[in-house]
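These notes are about the structure you will find just below.
Readers should treat all values here as calculations from the given coordinates under stated rules, not as data from a laboratory. Only a predicted model underlies this, so the values are computations on that prediction, with no experimental measurement involved. Cβ atoms come from the backbone with ideal geometry, glycine included; neighbour counts cover every protein chain shown.
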């Protein structure tokens, strides 16, 4: 009698997870936050002392915060801020990370060893610690947070890019390209990168969710510079101090962060699955 | 001794050794947990400057003199009496003869001398205690129980300094045995509590000194006195309230004002708001940077600030509004400063127009005129000349703030209030005192928030003397310097008060600061704790008076 083996490799063969759900969530988040200026909301920075800690009402659907500012307005405007910082941060992680990783993977030898030793040293520190060290060096502010988040994410992205290059570098079609005298730059651009793009996209999605999380964490800790400029992370901290009296302040930014990160991760999964499906 | 009894003895020692790993567990009851709000970098009162260290250590040490918290009067401590020479340069202290340190060392003039040597030795790098001694040049031990302190010039704050924990008298035996880094773990004084252990970042444990019989007049032993106090750290403000409600901590300071309404309905918890002497929450205005270099602009900024709304919204009315450079419970506070700047938006706008700010942009922000003339009301120090880069742009001030004490919230409310008169504010929140000092040195701020605490008005010197270490207003004025210097040297209390009144008036006439609210430390304690009281400096509890109402736990 034969006992069926557990389906160990099933995940690679099952239907790829859909793009539709995460793309929908992300578009909704982006559209709503971008629409903030058009919605005729109260100014997110204007404190109205008399109206502080008001529960949700028709006038303030999400209530007001400890300084009497409209929480809905701050959540939407804060989304612009948080997403902008996260995109900048992810960009700072991904672009140089990609260049370094591809250089290391393609050239191998000393370049590879040197670059990867450097990346490994950075990887030895927890992500957030690296971000905190960066802030300590360059001082607080929105762009400091973006830079801190980017530098913290860079080594991981370089590692992934290098690994992906190594996977296809020794494939016969690359050897063939070498043999017929295709210049290295063209091999990289037209033969290697297109074949690893799913891995790169997928990890870019992961990098974005890290950037949102780390950026929000640094803002939560008060490194955002001007505290009046709304930001989901900073709002979480403001809301936390009065959570028992006014839970409506921390909930919207908390839910928004969770949803956005969930969507970014699902997007990464979907890309990963298309790669598995194609191979 | 038989072999068996030897074995038993050994076992007993072993068991005791096991127990000593948790030495504090065997200490007498009742025992309470006292919450500290931050982790000082060092716990040595002679060497470190933190206010937090005084909360436990105020009761480990005695001081030569004490201040009665009710009257502010100096009362005998380790010195039973003292005499100040007519020229104010020598202070002779007669010391008590019945005092012993926790380690059995007798207290005498040589012990005081050893402490003074430690504090004044420049190699020890005292952060606060040395400065509190002012122009002290030396001492003379006249006999075993008489010591004379010698100053190079009269220094009125000396008794106040000597009444503070930073000049607490430590056992010379311990000071000789341990070095500067290790003494903080083995502190020995003469106070009503002795230190059992200090584990950095975790706890500091005190237990009652049963021999204590030389306390100042306002120390009274309660029924069922608290015997053991474990200090733990509660650095995160919202958790302090939770810890208090759950019984994890029995008393803790600096509770968030918004939490007061959660606690006020709880019959098991009492609130003790304690006004703190010293400077109010204040913004120092940079008199060397456009546009706060203009006196008129500075006055307009104070007039445009609705302090009542700030006190109500952020401090839930637990804080009185501040009007001058000292809080109302500070010595030599001059109440007349309260009349200088009422909340008056119309007046603020009129003043701004008077110095040329008349045009507004689409967002209602005043535009910096291109050909701005010096206003007639300006003083010599600085003129309102816009830098080339700001002319024709919207009026924007830079405010640098630390993250503590609800200052970020205050700054945001001010930002909104000032936008109504057409002034935009950029808030730069920095991470701590170090970055605040850096920003101050850079000088690219219009307002910067910092305040110190202390009962004696002489703390104004470092902020407002032309060469003061913290003269972040960058204001330089012979008249103000004279008031402050004369007050520091004056030993007649009435005349000293008059000098400080003049100094406070001058500071507000020149609108050097934007005062917001008097500092109030909101303490919360379980209702079973009795005798909760604080010393004349406001921060430090009189642990000797703490008692406990027994009941089932």
Taking the Cα of residue B:236, stepping 7 Å toward and past its beta carbon, and measuring to each backbone N in the stretch A:191-235: which are under 19 Å?
A:213-224, A:232-235
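Counting DSSP beta bridges with both partners in the stretch B:281-518, what percentage is antiparallel, nearest 5?
Numbers: 10 of 18 bridges.
Here the antiparallel bridges make up roughly 55 percent for the stretch B:281-518.
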With the radius of gyration and the Kirkwood radius both derived from the Cα set of the stretch B:281-518, what is their ratio Rg to Rh?
0.95
Relative contact order in percent for the stretch B:281-518 (Cα pairs under 8 Å, 6+ apart) equals 34
Calculate the FRET efficiency for residue B:359 and residue B:420 from the Cβ-Cβ distance with a Förster distance of 22 Å, rounded to the nearest 0.05.
0.85
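If the convex hull of the alpha-carbon atoms of the stretch A:109-148 is projected onto planes in all directions, what is the mean projected area in square nanometres?
Details: hull surface 12.6 nm².
About 3.2 nm², averaged over all directions.
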Can you list the equivalent-ellipsoid semi-axes of the stretch A:184-279, largest first and in whole Å, using the square root of 5 times each Cα gyration tensor eigenvalue?
38, 16, 7
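Note the full-extension length gain between residue A:21 and residue A:43 as 0.36 nm times their separation in residues minus their Cα-Cα distance, in nm to one decimal.
Numbers: separation 22, 0.36 × 22 = 7.92 nm, distance 3.20 nm.
Difference between extended and current length: 4.7 nm.
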Please report the projected area of the stretch B:167-296's Cα convex hull averaged over all directions, in nm².
14.3
Tell me, what is the FRET efficiency for residue B:100 and residue B:39 to the nearest 0.05, using R0 = 45 angstrom and their Cβ-Cβ distance as r?
0.90
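Classify the stretch B:385-447 as rounded, prolate or oblate from the Cα gyration tensor: take a ≥ b ≥ c as the square roots of its eigenvalues, call it rounded if a/c is under 1.5, otherwise prolate when a/b beats b/c and oblate if not.
Details: a/c = 3.72, a/b = 1.29, b/c = 2.89.
Taking the square roots of the gyration eigenvalues as a ≥ b ≥ c, the stretch B:385-447 is oblate.
Before rounding to the nearest 500, sum -39500 (n - 2.57) across all DSSP H runs of length at least 4 in chain A and divide by the residue total; then give [θ] at 222 nm in deg cm²/dmol.
Values: 10 runs with 186 residues, N = 279.
Rounded to the nearest 500, the figure is -22500 deg cm²/dmol.
So for chain B, what percent of the C-alpha to C-alpha distances run longer than 42 Å?
When every Cα pair of chain B is considered, 28 percent fall beyond 42 Å.
Over all distinct Cα pairs, what is the inverse of the mean 1/r for the protein assembly as shown, reported as the Kirkwood hydrodynamic radius in Å? The partial results should precede the final answer.
Numbers: mean 1/r = 0.0323 Å⁻¹.
Mean inverse Cα-Cα distance, inverted, gives 30.9 Å.
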Tilt of helix B:109-120 relative to the longest C-alpha principal axis of chain B, in degrees (0 to 90, nearest 10)?
40
If the label point is 7 Å along Cα→Cβ of residue A:95, which residues in the stretch A:123-165 have backbone nitrogen under 14 Å from it?
A:147, A:150-151
Which angle between 0 and 90 degrees, to the nearest 10, do you get for helix B:237-246 versus the longest principal axis of chain B when only C-alpha atoms count?
40
10 Å-binned pair-distance histogram of the stretch B:406-487 (Cα, whole percent)
15, 38, 33, 14, 0
Based on the alpha-carbon set only, what is the convex hull volume of chain A divided per residue, in Å³?
192
Projected label distance in nm at residue A:30 and residue B:312, using a 7 Å step from Cα toward the beta-carbon
4.5
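Tell me, what does the Kirkwood hydrodynamic radius of the stretch B:95-174 come to in angstroms if you use every pair of distinct C-alpha atoms? Please report the intermediate quantities before stating the final value.
Details: mean 1/r = 0.0754 Å⁻¹.
Computed over the stretch B:95-174, the radius equals 13.3 Å.
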Among A:109, A:79, A:153, determine the one that fluctuates most according to a GNM of chain A built with springs between C-alpha atoms less than 10 Å apart.
A:109
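Once the piece of chain linking residue B:110 and residue B:527 is laid out straight, how much longer is it, given 0.36 nm per residue of separation minus the C-alpha distance between them?
Details: separation 417, 0.36 × 417 = 150.12 nm, distance 4.34 nm.
Net length gain for the segment: 145.8 nm.
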Nearest 5 percent is fine: what portion of the DSSP beta bridges confined to chain B is antiparallel?
75
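For the stretch A:28-100, what is the per residue volume of the convex hull drawn over the alpha-carbon atoms, in cubic angstrom? If you can, show how the numbers build up before the last one.
On the way: hull volume 7.3 nm³, N = 73.
Measuring per residue, one finds 101 Å³ for the Cα hull of the stretch A:28-100.
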Hey, rough spin-label estimate for residue B:83 and residue B:370, points 7 angstrom out along Cα→Cβ, what's it come to in nanometres?
7.6
Just to check, using Stokes-Einstein with a Kirkwood Rh over alpha carbon pairs, what's the diffusion coefficient of the stretch B:321-375 at 10 °C and 1.306 mPa s in µm²/s?
113
Please compute the modelled spin-label separation between residue B:248 and residue A:50, points set 7 Å along Cα→Cβ, answer in nm with one decimal.
4.0
